[in-house]
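Q: Take a look at the following structure, please.
The values are calculated or read from the model by the stated rules, or taken from the named source; none is laboratory data. All values derive from a computational prediction rather than experimental measurement. Every residue, glycine among them, receives a Cβ derived from its backbone with ideal geometry; neighbour counts consider all protein chains shown. Calculation scope for accessible area: heavy atoms of the full protein, side chains included, ligands and nucleic acids excluded. Shrake-Rupley method; radii C 1.70, N 1.55, O 1.52, S 1.80 Å.
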Amino acid sequence: MRRSSVAAFFFGGNFLALALLAIVPRTGASGFLYDCAAIIAIFFVPGTALVLAFSKRERIPLFELLAFGFGTNVITLSAATTVIKLAGTSINRGLLLALMALCVWLALLMLLRRRRLPAIHWDLRIPLPLLCAAFVSFPTLYVFLGGYTSLGPRQHWLIEQVQEICDHIPDPVNPSITRNYIGPGMARTGDYLSLPRGSCRLSITNASVQPLAVHLNYLVAADTPGVLTMTVNGKTDSHPLPQPFFDKGKQVLFQNQAVVSRPLAIPPGECAVDILFRDRAGRNAPCTLLDATGLPPGQFNRAFNSNYRLVNFVLMYDIMETEDFVGNLLRKPYLYHSYGTPEMPGYAIQNPPLSYIFASFGYALMGRNMAAVNKVAFAILMAEFFAALYLMHIGLGKVSTAASTTLLAGTLSLATLVTMGISLHFMTHFMFLNFLLACFFMLKRRALPCIVLSLICCCSAWAGYYFCALALLCYAIAWREIRWPLRRLAVITLCMGAFVAVLLTVGRSRGVFSAWLDILLWENFRRFGHAHLYQAGSKLKFLAYCIPGTALLPLGLFLRRDKSAYFFLLFSGLYLATLLLAPSNEWKIHYLPTVCIPLMIAGGRGIAIMGTSGGKRGWLTAAILWLILAGAIGSLLYMFILGQRGTLI
């Protein structure tokens with residue numbers, strides 16, 4: 001097939017993806033096909049079509065087309081949807097598909113006018129087994145971690161709340177005591193009680209001749225806020241939903257959830273406990289109870305993990321704000337404050353919202369739930385792997401099987417770790433993917449794509465500017481050149497300065513800038529305490545997880561070095577030093593890929609160069625290769641074991 005024909009086929013892929021999204025049902029057996037088409041559209045439609053239509057180059061390497069097409073896609077869809085939202089129209093699935101189709105048709109008209117289609121050539125020969133392994137591994141891992149990736153905020157419980165019940169889990173129920181639940185429309189599934197009318201009666205029978213103690217434990221969840229009451233012998237205890245939680249003296253309300261723990265002395269005979277849940281208007285409302293009374297630890301964990309997951313209150317903020325903010329961005333562009341939910345009455349937007357705008361496209365196409373956001377996040381993790389794979393072999397041509405296989409294992413370990421730890425901190429991975437792509441064009445000395453992707457990185461998180469500036473500094477050191485990176489940094493700084501000026505002007509005109517800046521500084525600096533290396537859950541723990549995260553690939557640096565490997569090693573070292581010197585609120589698990597992936601690229605280049613140099617492999621080289629391979633496999637198995645046991649937090 002001619003390379004121009006490949007480009008035409010690639011251009012037609014834009015129409016094919018849109019056609020599948022319009023025809024294929026989102027549910028049932030065809031759901032996987034629909035999700036694949038949605039991911040392709042979100043990443044590359046209409047960006048790749050626009051690049052092919054407006055490019056003046058005769059030949060475009062495939063990876064450059066995908067990388068710059070992705071960046072073009074982010075800018076085009078974000079800008080167009082923002083204009084639509086400013087006009088007062090919300091974004092939905094039909095409108096987003098129509099916008100994509102319109103841009104593809106405009107690109108097609110431009111292409112027909114020019115009557116020339118650039119040739120596409122395959123610039124990285126990835127072995128078919130590795131390609132298949134990558135495309136199979138990430139969906140498989142998503143299914144393996146389905147409890148973490150598919151559950152929304154309402155299925156998460158605070159560790160600080162559940163701990164109260166965990167303290168009483170060892171308390172067994174005396175065999176002489178039997179319990180029976182009776183209620184209108186009540187349904188029981190295992191240890192879960194579904195109360196559609198919000199009421200039931202617990203009948204407790206004591207078959208002995210003396211009073212016996214029993215400790216009732218329940219996890220209560222409802223769709224609406226209200227109050228759960230338990231009445232025994234005319235004495236009533238009330239438990240509000242959501243249950244207040246105190247964060248440094250400030251009362252915080254999270255989900256419509258509560259932990260109810262009540263000791264009772266049961267006399268011989270029968271005793272009744274009336275359970276009733278009412279909303280704030282005083283009406284009976286449906287709720288769900290997990291009856292943890294007398295459950296052994298293993299049985300409680302199985303019952304809990306079948307529907308719920310644990311999270312601490314800091315990470316609960318991230319999970320709730322992610323889904324809420326992504327949904328809000330479909331209706332209106334936000335820069336300073338989002339209104340939140342009845343359970344979470346608003347929060348400051350701490351970073352530029354470009355990453356969440358990108359996530360909102362998946363939210364619109366694949367369903368308005370956390371699973372849709374996490375599907376996009378897993379696709380970003382896969383894209384990070386391919387970007388790292390290309391950077392590992394850039395300028396080498398041939399793909400090293402040992403280096404690429406180990407990189408895949410390390411990336412899957414990182415994906416497992418960050419998913420269980422923080423339910424995929426979306427903003428960090430989106431920012432870092434654009435940073436890797438900017439580094440690719442930086443190493444190719446392609447100024448425009450480098451600047452565009454760097455600005456996307458900066459507009460995804462404030463830390464993105466630090467990443468780009470540090471990378472340009474490392475480039476200047478590695479290649480001993482000042483002028484080229486300094487000019488790129490000047491352009492990026494000028495654009496970000498203009499963005500900050502707009503924030504300042506609009507914020508002051510609305511009277512929100514001072515309050516927003518104060519919250520921003522508190523969230524990012526003032527609330528962080530210092531954690532020393534020897535403290536539990538501190539930076540030493542962060543370093544411990546870096547070892548399986550890098551899959552021991554940095555050992556490959558002992559084999560061979562080059563300027564690109566030195567660049568990524570220098571960046572990782574300076575960035576890691578920044579993390580260790582900065583104040584810390586425990587350890588930030590979502591920063592692991594930002595350290596581990598550059599280290600894997602640097603070490604992997606050492607292995608790849610050794611494999612393509614044709615030199616003799618001594619016993620030390622062979623030992624290092626076997627150690628890296630065993631470490632990668634062991635790290636991945638270790639993460640899988642942690643995934644089966646439960647949360648890492």
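Q: Taking Val45 as the residue in question, decide whether it is in contact with a Leu (Cβ under 6 Å, 6 or more places away or on another chain) and of a type in the set (Val, Ile, Thr).
A: no
Q: Looking at Arg560, Arg605, can you tell me which residue is within 30 Å of Lys398 (Cβ to Cβ), modelled with pLDDT of 70 or more and charged (D, E, K, R)?
A: Values: Arg560 fails: modelled with pLDDT of 70 or more.
Just a single option satisfies the conditions, and that option is Arg605.
Q: Quick check on the stretch 117-130: of everything there that is out of contact with any Leu (no Cβ under 9 Å at 6 or more places or on another chain) and surrounded by 13 or more Cβ atoms within 10 Å (Cβ to Cβ), which residue is nearest to Ala371 (Cα to Cα)?
A: Within the stretch 117-130, the match that is nearest to Ala371 (Cα to Cα) is Pro127.
Q: So which of Arg278, Arg283, Arg302 ends up being open to solvent by 20 Å² or more (accessible area, probe 1.4 Å), of a type outside the set (Val, Ile, Thr) and touching a residue at least 60 places away in the same chain (Cβ under 8 Å)?
A: Checking each option against the conditions leaves just Arg278.
Q: Looking only at the stretch 23-32, count how many residues are open to solvent by 90 Å² or more (accessible area, probe 1.4 Å), over 19 Å from Ala359 (Cβ atoms) and either part of a loop (DSSP other than H, G, I, E, B) or among the aliphatic types (A, V, I, L, M) (or both).
A: The total comes to 3.
Q: Moving to a separate point now. Regarding the stretch 541-553, can at least one residue be identified that is modelled with pLDDT under 70, β-branched (Val, Ile, Thr), farther than 23 Å from Ala461 by Cα and open to solvent by 50 Å² or more (accessible area, probe 1.4 Å)?
A: No.
Q: Search the stretch 425-453 for residues being open to solvent by 10 Å² or more (accessible area, probe 1.4 Å) and either hydroxyl-bearing (Ser, Thr, Tyr) or not in a helix (DSSP H, G or I) (or both), and hand back the single one that is farthest from Phe571 (Cα to Cα).
A: Checked the stretch 425-453; the qualifying residue farthest from Phe571 (Cα to Cα) is His425.
Q: With the condition being open to solvent by 50 Å² or more (accessible area, probe 1.4 Å) and farther than 14 Å from Tyr181 by Cα, I'd like the strands (runs of 3 or more DSSP E) fully within the stretch 194-245 carrying at least 2 qualifying residues. Walk me through it before giving the result.
A: Details: elements: 199-206, 212-222, 226-232, 235-241.
In the stretch 194-245, 235-241 are the strands (runs of 3 or more DSSP E) which contain 2 or more residues that are open to solvent by 50 Å² or more (accessible area, probe 1.4 Å) and farther than 14 Å from Tyr181 by Cα.
Q: Name every residue in the stretch 172-193 that is buried (at least 16 other Cβ atoms within 10 Å of the Cβ) and either among the small types (Gly, Ala, Ser) or part of a loop (DSSP other than H, G, I, E, B) (or both), in order of residue number.
A: The answer is Val173, Gly183, Met186, Asp191.
Q: Could you say whether any residue in the stretch 101-109 is buried (at least 16 other Cβ atoms within 10 Å of the Cβ) and not in a helix (DSSP H, G or I)? Break it down stepwise before answering.
A: Within the stretch 101-109, the subset buried (at least 16 other Cβ atoms within 10 Å of the Cβ) is 101, 103-104, 107-108.
Still in the running and not in a helix (DSSP H, G or I): none.
No, that holds for no residue.
Q: Return the only residue of Ile60, Ile40, Ile91 being buried (at least 17 other Cβ atoms within 10 Å of the Cβ), outside any helix (DSSP H, G or I) and within 26 Å of the chain's Cα centre (by Cα).
A: Ile91
Q: Another question, then. Take the conditions closer than 17 Å to Cys458 by Cα, in a helix (DSSP H, G or I) and of a type in the set (D, E, K, R) and apply them to Arg488. Does it pass? Outline the logic, then answer.
A: Working: closer than 17 Å to Cys458 by Cα: yes; in a helix (DSSP H, G or I): yes; of a type in the set (D, E, K, R): yes.
So Arg488 fits the description; yes.
Q: Only one of (1) modelled with pLDDT under 95; (2) within 21 Å of Thr81 (Cα to Cα); (3) not small (Gly, Ala, Ser) is not met by Arg57, so which one is it?
A: (2)
Q: Can you find even one residue in the stretch 351-362 that is surrounded by fewer than 22 Cβ atoms within 10 Å (Cβ to Cβ), among the small types (Gly, Ala, Ser), under 16 Å from Thr81 (Cα atoms) and at pLDDT 85 or above?
A: No; the residues of the stretch 351-362 include none that is surrounded by fewer than 22 Cβ atoms within 10 Å (Cβ to Cβ), among the small types (Gly, Ala, Ser), under 16 Å from Thr81 (Cα atoms) and at pLDDT 85 or above.
Q: Checking the structure you have, find out if any residue of the stretch 403-416 is modelled with pLDDT under 85, under 19 Å from Pro548 (Cβ atoms), open to solvent by 10 Å² or more (accessible area, probe 1.4 Å) and assigned to a helix (DSSP H, G or I).
A: No, because not a single residue in the stretch 403-416 is modelled with pLDDT under 85, under 19 Å from Pro548 (Cβ atoms), open to solvent by 10 Å² or more (accessible area, probe 1.4 Å) and assigned to a helix (DSSP H, G or I).
Q: Can you report the number of residues in the stretch 266-318 which are among the polar types (S, T, N, Q) and outside any helix (DSSP H, G or I)?
A: 6
Q: Is one or more of the residues making up the stretch 1-13 open to solvent by less than 10 Å² (accessible area, probe 1.4 Å), at pLDDT 85 or above and assigned to a helix (DSSP H, G or I)?
A: The answer is no, given that none of the residues of the stretch 1-13 is open to solvent by less than 10 Å² (accessible area, probe 1.4 Å), at pLDDT 85 or above and assigned to a helix (DSSP H, G or I).
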